[in-house]
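Only one structure is covered here, and it is reproduced in the block below.
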Amino acid sequence: MRRRRASLLPLLVAVFALTGCGGNENAVDPHSRAEGKITDLWWGMLVAAVLGFAVIVVLLFAGWLGRRRKLSGEAAERRLTAAVIVLGVVIPIVVLSGLFVWADVFVIGSTAAPAPGSAQLTVRVIAHQWWWEVRYPGTKAVTANEIHVPTGTRVDVIGTTDDVIHSFWVPELNRKIDLIPGRTASVLIDADKPGLYRGQCSE
């Protein structure tokens, strides 16, 4: 039994080592204005979550310490109640409200589907079961699984699907869009420098 477990160890190490292979798809390394705003929001939410967890740990430790020392009296109870109300109710409401406004006003609006005529280039992406068909309106060019766009150009990616539910996503350029048969979705992408940006179906 031990030999069998020992023989599985190299296999597990190899699986974990190869998990990150497949190219650069770093959602927190933005290369466009829209993805930069999404990344800032992500870091802000992470900081808020870490601080919130720290506050909970402090409150739990304070409660445990109070029970050990058997703190009693009206003044001690009042202080404890005030701390719980401020740290456990007021501050979370303020922080979550701030994050909601930040996300709704400053991020969602700037990453939503582009207004008609706001893009400099339009690309049509058609999802198939195992591949992406890409067409460039006004030209006869058709590519498979690749989109070629100039740097610094606002590109309206209009997505439809032929026979499958897909989610089109280029992590370094903007949010994902869901492609459902019979519907059209669009997203605005613009790369701030030349490069190869991997996209995928995140469905």
Just to make sure I understand: if all protein chains stay in place, what is the order of Asp29, Asp190 by accessible area at 1.4 Å, largest first? Asp29, Asp190
Amide H neighbours of Leu179 under 5 Å, at least 5 residues apart or on other chains, H built in the peptide plane: list them. His166, Ser167, Phe168
Estimated FRET transfer efficiency when R0 is 41 angstrom, pair Arg183-Leu80 (beta carbons, to 0.05): 0.15
Restricting things to Cα coordinates, could you compute the convex hull volume per residue of segment 117-203 in Å³? 95 Å³
Stretchable slack from Ser167 to Thr143, in nm (0.36 nm times residue separation minus alpha-carbon distance): 6.8 nm
Test of the criteria: in segment 143-203, which trypsin sites (Lys or Arg not before Pro) are in a DSSP loop and have at most 12 other Cβ atoms within 10 angstrom of their Cβ? Arg183
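The values are calculated or read from the model by the stated rules, or taken from the named source; none is laboratory data. The model shown is predicted, which means the values in this text are computed figures rather than measured ones. Every residue, glycine among them, receives a Cβ derived from its backbone with ideal geometry; neighbour counts consider all protein chains shown. To get the accessible areas, we keep the full protein, side chains included, count just its heavy atoms, and leave off ligands, DNA and RNA. Shrake-Rupley method; radii C 1.70, N 1.55, O 1.52, S 1.80 Å.
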